[in-house]
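Engineer: Please see the structure below; I have some questions.
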Amino acid sequence: MGGFIFRRVLSMLLVIWVVSTMTFFLMKAIPGGPFTAEKQLPPEILRNLERRYRLGDPLWKQYRDYLHNLLRLDLGPSFKYEDLTVNDIIRQGFPVSAELGVLALLFALAVGVPSGLISALRQYSFSDYFSMLWALLGVSIPSFLLATLFIYLFGLRLHVLPAGGWGTPAHLLLPAVALGMYPTGFIARLTRSSMLEVIRQDYVRTARAKGLAEITVTYRHALKNAVIPVVTYLGPITAAVLTGSFVVERIFAIPGLGRHFVTSIYNRDYTVIMGTTVFYSVFLVAMNLVVDVAYGFIDPRIRFD
Amino acid sequence: MHRLVVVALVMTMALAPATWAQPSASQVLRWNVGTDFETLDPAKSTGIPEATVIYLLYEGLTQRDPQGRLVPGMAERWDVSKDGLTWTFYLRAAKWSNGQLVSAGDFEFAWKRALDPALAADYAYQLYYLKNGKAYNTGRIKDVSQVGVIAKDARTLVVTLESPTPFFGDLLSFHTLMPVPKTVVTGNPAWAGKPETFVGNGPFVMKEWTRQNRVVLERNPNYWDAKSIKLQRIEFSMIEAESTALVQYEAGQLDGSSNVPVADIPRLLKTGDFKAMPYIGTYYYLFNTTHKPLDDARVRRALAFAINRTLITARITRAGEKPANAFVPSGIVVNGTDFRQAGGPLMPVYDPALAKKLLAEAGYPNGEGFPTLTILYNTSQRHKTIAEAIQEMWRQNLGVKVNLTNQEWKVYLQTRSQHNFDIARAGWIGDYRDPKTFLDMFITGSSFNEGLWSNKAYDRLVDATTKTADQAVRMKAFHEAEKIFVQDMPLAPIYFYVQPILYKNYVQGLATDPTGPPLLRNVWIEGH
């Protein structure tokens, strides 16, 4: 298994290098820069700024310096926020997004897996149709609509929860559900279809024929194998949800990391664009590795040698 | 697991101290500025949200009273020499929030720091009025002692200007010219980034700054005029989504907000929550005068007069904007006279018959043979709606067909600065209260003059205003220059902005700076 992980880490580094290189050059190709403003700066001041942030250097040199700093885990200063480095931005934003994301994922698993399970076990029953309808709504209603609806309903009309903001546990509830709706629906549908496939397998029939209790058959034999696709899905979705959602964080006014993925591009905040992209790619490939390793434990057909 | 999570969620709800639901205590203001601050260092800051807070944390030599009049701030009084070049300020005995005295040396240090090329401050040009200010900032001279500001003693500041600048008194209250505590800043240049290290001389001090979330200010007991400050505490939130800010406002979580969703303005006007505050700004369509047939003033005038401005302000913008009848907006008061009122209307707000006649004279009767031009605007629903309205007005009134194209903000700015457009939507909010802030943008060679219009008589008139401190002479020249400008129509002014703002009726004493942010210094809460 050590050799497997070693090879995977090597390919991960390659992926991250490719992603950061492409992002770097694409970003530099967008018209406009961090100091493009309606009140155009006098050329002298622009020169001073470019000197300060070393934007006057040739592109290859900027790229080389960036990679060099990246190796030392120094993501550079933000162009927009004077007092912040990109490391600060991630250090402050990520815990917020992650807290919300973990809650959203827990919600998704707690609701999604049981709904999918019940649907599969009682196929074509009312509860199957009911939960699959909700799952369909969950994957198809965009989060901005849900978020706006939640704020209006619970924040203004019913006045039982804060209309956005951050600081107390009450602030977490609405955004976590809004963020978790999509994965909930997806997990429910995934669990259902995979469970339907598994319960028709021979080994499940064998287990039943051995006279095992239905509950043992369902949980020990069927569900354990049926969740493998869910685990696969959990890798990328964990990376996506924990690094924050622009839409949910914006509508709920949450000081997370998600907003920076989008606003940094509007601001041409080069270092923040690079920093958030690299951070997300590292997280994503790492989660995929975790999933691959997890297969070894839950799927008896997979061995690392 | 399912049930456990539900229990956990219910418990978090029950245990949550419902601080968000508490009404504002007495003399606490909860205000949304709409975004996090790029910096609260007065020399480096550029935006309106930052200025909203900086004007509470620092005080310049002068300040604005709630009526917008210039009143003494850190300077008790000042003299101006006969030639208008030397200004001497006599400082009051005021203290920084750490108890140190605010000295003339702090001003000298702050201004030279803002001009330091190494600091690369965006707004350093606000100090180009100082003798050698520009030369030092652009590296033409290295010797900082030649810059025209010196602390004669701890309480006397002597400023020498490059040329007579009668509106210099106005600039003194601008944030780039705020003092900074020399001893603190030399030790820690990032002092303004954290409440623990923050030192200011304004009526409030910073108590908390959670990035992207909120800034909390409290009354500064060391402020020289602390007894006139009624608010105990100001809590700024940074909600970017206007609709969320509005819901929080209506749910009682906010007392006011600097951003308002446009779609809700008519409703909020009726409830009295929305206020259209004065703003010295003009929304306009810039013509590229090097593109045929826009090089012909008759064509530009025809296009300008064929725009039904009242329709745009009454149906689209709907916040109380005024249809433009000239370029310089109202609100610039010099020696007691409003520049716009004195100049009067310089053009009709709508005259389709005249427009049609002018276009025919230029050789395009009923728009025949007129090439298809393109209107460029930055991506936004409002600009799109206005462009569509104007597109239709030109088609109906002139028989002229135009295309619309939108670009993301910075791409659009670059296209504009490369003169790569026919007609571009633009807008301008004055930097200070003098017609110069509008009219010197369009002198030949100015970087703001992106339509490449050039008129020698205009250039001479604008230049003449920098040679004298006599306001009567200056205003006369500005009026003449503006007449030439509107006559030649290098741009079509569309409407004069108002500043949209939202606050509850128990918020008293609020004023706005017509060139910038809401002024919260004198606010108090009453009847809540």
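The values are calculated or read from the model by the stated rules, or taken from the named source; none is laboratory data. Bear in mind that the values here come from a model prediction, so they are computed numbers and not experimental data. Here Cβ is always computed from backbone atoms with ideal geometry, including for glycine, and neighbour counts include all displayed protein chains.
Engineer: Could you run through region B:242-269 and say how many residues are in a loop (DSSP other than H, G, I, E, B), more than 24 Å from B:N378 (Cα to Cα) and either without any contact (Cβ under 8 Å) to a residue 24 or more places away in the chain or away from chain A (no Cβ under 14 Å) (or both)?
Structural biologist: Final tally of qualifying residues: 2.
Engineer: Residues that are within 26 Å of B:V262 (Cβ to Cβ) and in contact with a Pro (Cβ under 8 Å, 6 or more places away or on another chain): does region B:373-391 have at least one?
Structural biologist: Residues of region B:373-391 that are within 26 Å of B:V262 (Cβ to Cβ), as a first pass: B:374-391.
Imposing the further condition that a residue be in contact with a Pro (Cβ under 8 Å, 6 or more places away or on another chain) reduces the set to none.
No, the conditions are met nowhere in region B:373-391.
Engineer: A further question on this structure: Considering (1) without any contact (Cβ under 8 Å) to a residue 24 or more places away in the chain; (2) buried (at least 18 other Cβ atoms within 10 Å of the Cβ); (3) within 30 Å of B:T512 (Cα to Cα); (4) not charged (D, E, K, R), say which one B:L439 fails and leave the rest.
Structural biologist: Of the numbered conditions (1) without any contact (Cβ under 8 Å) to a residue 24 or more places away in the chain; (2) buried (at least 18 other Cβ atoms within 10 Å of the Cβ); (3) within 30 Å of B:T512 (Cα to Cα); (4) not charged (D, E, K, R), the odd one out for B:L439 is (1).
Engineer: Moving on to the next point. Tell me, please, whether a residue that is within 8 Å of chain B (Cβ to nearest Cβ), without any contact (Cβ under 8 Å) to a residue 24 or more places away in the chain, more than 30 Å from A:F297 (Cα to Cα) and not in a strand (DSSP E or B) can be found in region A:51-59.
Structural biologist: Yes, the conditions are met somewhere in region A:51-59.
Engineer: Taking helices (runs of 4 or more DSSP H) that fall entirely within region B:276-364, which contain at least 3 residues that are within 18 Å of B:Q396 (Cα to Cα) and of a type outside the set (K, R)? Steps first, please.
Structural biologist: Values: elements: B:297-305, B:339-343, B:352-361.
Once the helices (runs of 4 or more DSSP H) in region B:276-364 are filtered for at least 3 residues that are within 18 Å of B:Q396 (Cα to Cα) and of a type outside the set (K, R), what remains is B:297-305, B:352-361.
Engineer: Could you please let me know if B:R92 is more than 30 Å from B:S258 (Cα to Cα), modelled with pLDDT of 95 or more and touching a strand residue (DSSP E or B) at 6+ places or on another chain (Cβ under 6 Å)?
Structural biologist: Numbers: more than 30 Å from B:S258 (Cα to Cα): yes; modelled with pLDDT of 95 or more: yes; touching a strand residue (DSSP E or B) at 6+ places or on another chain (Cβ under 6 Å): yes.
Spelling it out, B:R92 is indeed more than 30 Å from B:S258 (Cα to Cα), modelled with pLDDT of 95 or more and touching a strand residue (DSSP E or B) at 6+ places or on another chain (Cβ under 6 Å).
Engineer: Scan region A:179-191 and give yes if some residue there is touching an Asp or Glu at 6+ places or on another chain (Cβ under 8 Å), within 25 Å of A:A239 (Cβ to Cβ) and more than 10 Å from chain B (Cβ to nearest Cβ), otherwise no. Before the answer, list the steps.
Structural biologist: From region A:179-191, those touching an Asp or Glu at 6+ places or on another chain (Cβ under 8 Å) are none; that's our starting set.
No; the residues of region A:179-191 include none that is touching an Asp or Glu at 6+ places or on another chain (Cβ under 8 Å), within 25 Å of A:A239 (Cβ to Cβ) and more than 10 Å from chain B (Cβ to nearest Cβ).
Engineer: Being within 23 Å of B:G363 (Cα to Cα) and either of a type in the set (G, A, S) or over 22 Å from the mean Cα position of the chain (by Cα) (or both) narrows it down to one of B:L286, B:L294, so name that one.
Structural biologist: None of the others qualify; the one that does is B:L294.
Engineer: Could you give every pair whose Cβ atoms fall below 9 Å, whose first residue belongs to region A:74-100 and is at the interface with another protein chain (Cβ under 8 Å from one of its Cβ atoms) and over 20 Å from B:W191 (Cα atoms), and whose second residue is buried (at least 20 other Cβ atoms within 10 Å of the Cβ) and of a type in the set (A, V, I, L, M), counting only separations of at least 6 or pairs across chains?
Structural biologist: Partner pairs satisfying both residue conditions: A:G93/A:L257.
Engineer: Now for a different question. What number of residues within region B:399-425 satisfy the criterion of being within 14 Å of chain A (Cβ to nearest Cβ), surrounded by 22 or more Cβ atoms within 10 Å (Cβ to Cβ) and not in a helix (DSSP H, G or I)?
Structural biologist: Number of matching residues: 3.
Engineer: Another question, if that's okay. With respect to A:L70, determine if the residue is aliphatic (A, V, I, L, M), assigned to a helix (DSSP H, G or I) and either within 30 Å of B:A426 (Cα to Cα) or within 13 Å of another protein chain (Cβ to nearest Cβ) (or both).
Structural biologist: For A:L70, the condition - aliphatic (A, V, I, L, M), assigned to a helix (DSSP H, G or I) and either within 30 Å of B:A426 (Cα to Cα) or within 13 Å of another protein chain (Cβ to nearest Cβ) (or both) - is not met.
Engineer: Right, another one. Output the residues belonging to region A:23-39 that are over 21 Å from the mean Cα position of the chain (by Cα) and of a type outside the set (G, A, S).
Structural biologist: Those that are over 21 Å from the mean Cα position of the chain (by Cα) and of a type outside the set (G, A, S): A:F24, A:F25, A:L26, A:M27, A:K28, A:I30, A:P31, A:P34, A:F35, A:T36, A:E38, A:K39.
Engineer: With respect to B:T405, determine if the residue is of a type in the set (S, T, N, Q) and either within 17 Å of B:Y284 (Cβ to Cβ) or at pLDDT below 95 (or both).
Structural biologist: Judged against the criteria, B:T405 is not a match.
Engineer: Could you grab the pairs with beta carbons closer than 6 Å, sequence gap of 6+ or different chains, first residue in region A:142-163 and more than 7 Å from every other protein chain (Cβ to nearest Cβ) and farther than 16 Å from A:G180 by Cβ, second one of a type in the set (F, W, Y) and surrounded by 15 or more Cβ atoms within 10 Å (Cβ to Cβ)?
Structural biologist: Final answer for the pair search is A:V160/A:F154.
Engineer: Would you pick out the residues in region B:338-371 that are within 25 Å of B:L70 (Cα to Cα) and free of Cβ contacts under 8 Å to residues at least 12 places away in the same chain?
Structural biologist: Selection gives B:D338, B:Q341.
Engineer: Please pick out the residue among B:P179, B:P261 that is closer than 23 Å to B:L70 by Cα and touching a helix residue (DSSP H, G or I) at 6+ places or on another chain (Cβ under 8 Å).
Structural biologist: B:P179
Engineer: Cβ-Cβ below 6 Å, separation at least six or inter-chain, first residue in region A:204-229 and under 17 Å from A:A120 (Cα atoms) and at pLDDT below 90, second in a helix (DSSP H, G or I) and among the basic types (K, R): which pairs?
Structural biologist: A:V217/A:R208
Engineer: If you go through region A:101-122 one residue at a time, how many are buried (at least 16 other Cβ atoms within 10 Å of the Cβ), more than 12 Å from chain B (Cβ to nearest Cβ) and of a type outside the set (G, A, S)?
Structural biologist: Adding up the residues that qualify gives 1.
Engineer: If you check A:A108 against the conditions, is it over 18 Å from A:S194 (Cβ atoms) and either under 19 Å from the mean Cα position of the chain (by Cα) or in a helix (DSSP H, G or I) (or both)? Spell out how you get there, then give the answer.
Structural biologist: Details: over 18 Å from A:S194 (Cβ atoms): no; either under 19 Å from the mean Cα position of the chain (by Cα) or in a helix (DSSP H, G or I) (or both): yes.
Taking the combined requirement at face value, the residue does not satisfy it.
Engineer: Hey, another quick one. Taking region B:156-174 on its own, how many of its residues are at pLDDT 95 or above and either crowded, with 20+ Cβ neighbours inside 10 Å or within 14 Å of B:Y432 (Cβ to Cβ) (or both)?
Structural biologist: Within region B:156-174, residues that are at pLDDT 95 or above and either crowded, with 20+ Cβ neighbours inside 10 Å or within 14 Å of B:Y432 (Cβ to Cβ) (or both) number 3.
Engineer: What's the total number of residues in region B:483-520 that are of a type in the set (D, E, K, R) and buried (at least 23 other Cβ atoms within 10 Å of the Cβ)? If you could, list the steps in order and put the result at the bottom.
Structural biologist: Taking region B:483-520 and keeping what is of a type in the set (D, E, K, R), we get B:483, B:488, B:504, B:513.
If we keep only those that are buried (at least 23 other Cβ atoms within 10 Å of the Cβ) as well, we get none.
Looking only at that region, the number is 0.
Engineer: Related question: Given the options A:S125, A:S131, A:S140, name the one that is surrounded by 23 or more Cβ atoms within 10 Å (Cβ to Cβ) and among the hydroxyl-bearing types (S, T, Y).
Structural biologist: Only one candidate passes the filter, namely A:S131.
Engineer: A follow-up question, please. Would you mind stating whether A:F279 is free of Cβ contacts under 8 Å to residues at least 60 places away in the same chain, more than 14 Å from every other protein chain (Cβ to nearest Cβ), farther than 23 Å from B:M238 by Cα and part of a helix (DSSP H, G or I)? Don't jump to the end; show me each part of the working.
Structural biologist: Working: free of Cβ contacts under 8 Å to residues at least 60 places away in the same chain: no; more than 14 Å from every other protein chain (Cβ to nearest Cβ): yes; farther than 23 Å from B:M238 by Cα: yes; part of a helix (DSSP H, G or I): yes.
So A:F279 fails the test.
Engineer: Next up: Would you mind finding the one in B:L217, B:L115, B:L127, B:L119 that is within 14 Å of chain A (Cβ to nearest Cβ) and over 28 Å from B:T468 (Cα atoms)?
Structural biologist: After ruling out the rest, the residue left standing is B:L119.
Engineer: So B:Y136 clears everything in (1) surrounded by 19 or more Cβ atoms within 10 Å (Cβ to Cβ); (2) touching a residue at least 60 places away in the same chain (Cβ under 8 Å); (3) of a type outside the set (A, V, I, L, M, F, W, C) except one condition, right? Which one?
Structural biologist: (2)
Engineer: Still on this structure, I have one more. Going by what's in this entry, would B:G272 be described as in contact (Cβ under 8 Å) with a residue 24 or more places away in the chain, buried (at least 19 other Cβ atoms within 10 Å of the Cβ) and small (G, A, S)?
Structural biologist: So B:G272 fails the test.
Engineer: Output yes when any residue across region A:2-13 is away from chain B (no Cβ under 14 Å), touching a residue at least 24 places away in the same chain (Cβ under 8 Å) and among the charged types (D, E, K, R), and no when none is.
Structural biologist: Looking through region A:2-13, at least one residue is away from chain B (no Cβ under 14 Å), touching a residue at least 24 places away in the same chain (Cβ under 8 Å) and among the charged types (D, E, K, R).
Engineer: On to the next question. Only one of (1) under 30 Å from B:V333 (Cβ atoms); (2) in contact with a Leu (Cβ under 8 Å, 6 or more places away or on another chain); (3) at pLDDT below 95 is not met by B:A251, so which one is it?
Structural biologist: In the conditions (1) under 30 Å from B:V333 (Cβ atoms); (2) in contact with a Leu (Cβ under 8 Å, 6 or more places away or on another chain); (3) at pLDDT below 95, B:A251 misses (1) alone.
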